[in-house]
Amino acid sequence: MQHVTLLLTPWYVPQRILRWQDAITMVFLEKADIVANYSSVVRSPSFEMPLPAVLRSKRAPARLRRGVAFTRTNVFGRDGYRCQYCGGRFDTRRLSYDHVIPRSAGGRTEWTNIVTACIPCNQRKGHLTCDDAGMWPLSQPVRPQTLPLFLPHLDTHQTPPEWHDFLVPNT
Ligand SMILES: [Zn+2]
């Protein structure tokens with residue numbers, strides 16, 4: 001792993017691993033700042049610079065700028081795969097999503113009106129409002145700002161010591 005560079009998000013969370021050549025390009029294009037260097041040096045006829053070990057991106061990853069996609073899986077992820085009516089945890093096959101304000105009452109299909117529900121709870125609530133069904137979600141549905149980043153598996157035994165300050169220990 002000696003000649004790869006760890007790229008961090010602007011808030012110092014590991015984002016991805018770059019080839020060192022791409023890391024240097026990002027530095028030259030001023031897309032990233034150097035946070036830590038290796039002891040080795042890159043030389044060419046016109047310049048010499050330490051090999052970057054850790055970079056910090058100046059911009060958030062595109063995926064985060066766009067916001068979290070509204071999909072079934074991401075709704076389940078936001079709710080921790082927990083039915084928001086009975087509180088039970090289920091696997092994806094036994095979950096569905098429920099309109100808190102039913103569509104028949106003008107409820108939209110969007111983050112703030114959709115919660116994870118197990119199939120029996122979803123059938124029980126049916127097209128009723130919360131008041132009519134006597135069923136209210138455990139937490140108010142919100143649009144999530146982030147979901148966990150899709151991180152490469154980084155084992156501190158196999159990564160350069162220059163990275164270790166920025167890695168979450170494997171537990
Ligand atoms: Zn349920």
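The values are calculated or read from the model by the stated rules, or taken from the named source; none is laboratory data. Only a predicted model underlies this, so the values are computations on that prediction, with no experimental measurement involved. Quick reminder, even Gly has a Cβ in these numbers, built from the backbone with ideal geometry, and neighbours come from all protein chains shown. For accessibility, only protein heavy atoms count, side chains too; no ligands or nucleic acids. Shrake-Rupley method; radii C 1.70, N 1.55, O 1.52, S 1.80 Å.
There is at least one residue in the stretch 91-109 that is assigned to a loop (DSSP other than H, G, I, E, B) and in contact (Cβ under 8 Å) with a residue 40 or more places away in the chain. Counting residues in the stretch 154-168 that are modelled with pLDDT of 85 or more, out of contact with any Lys or Arg (no Cβ under 6 Å at 6 or more places or on another chain), assigned to a loop (DSSP other than H, G, I, E, B) and open to solvent by 40 Å² or more (accessible area, probe 1.4 Å) gives zero.
Within the stretch 124-144, one or more residues are open to solvent by less than 70 Å² (accessible area, probe 1.4 Å), part of a helix (DSSP H, G or I), among the charged types (D, E, K, R) and at pLDDT 95 or above.
If the condition is being more than 15 Å from the ligand (Cβ to nearest atom) and over 21 Å from the mean Cα position of the chain (by Cα), then the stretch 100-127 contributes Ile101, Pro102, Arg103, Ser104, Ala105, Gly106, Gly107, Arg108, Thr109, Asn113, His127.
Residues that are assigned to a helix (DSSP H, G or I) and within 15 Å of Leu7 (Cα to Cα) do occur in the stretch 27-41, at least one of them. The residue list Tyr38, Tyr97, Tyr81 contains one member that is on the phi > 0 side of the Ramachandran plot and either in contact with a helix residue (DSSP H, G or I) (Cβ under 8 Å, 6 or more places away or on another chain) or within 16 Å of the ligand (Cβ to nearest atom) (or both), which is Tyr81.
Within the stretch 42-62, the set of residues being without any contact (Cβ under 8 Å) to a residue 40 or more places away in the chain and open to solvent by 60 Å² or more (accessible area, probe 1.4 Å) comprises Arg43, Pro45, Ser46, Phe47, Glu48. The single condition from (1) closer than 13 Å to Val142 by Cα; (2) assigned to a loop (DSSP other than H, G, I, E, B) that Asn74 fails is (2). Just for the stretch 1-26: of the residues that are closer than 26 Å to Phe47 by Cα and modelled with pLDDT under 85, which one is nearest to the chain's Cα centre (by Cα)? So the residue we want is Met1.
Taking first residues from the stretch 117-144 that are more than 17 Å from Cys86 (Cβ to Cβ) and partners that are part of a helix (DSSP H, G or I) and open to solvent by 80 Å² or more (accessible area, probe 1.4 Å), the Cβ contacts under 9 Å between residues at least 6 apart in sequence or on separate chains come to His127/Arg103; His127/Ser104.
For the stretch 80-96, the set of residues classified as open to solvent by 20 Å² or more (accessible area, probe 1.4 Å), more than 20 Å from Gly134 (Cβ to Cβ) and in contact with a Phe, Trp or Tyr (Cβ under 9 Å, 6 or more places away or on another chain) consists of Tyr81, Arg89, Phe90, Asp91, Thr92, listed by residue number.
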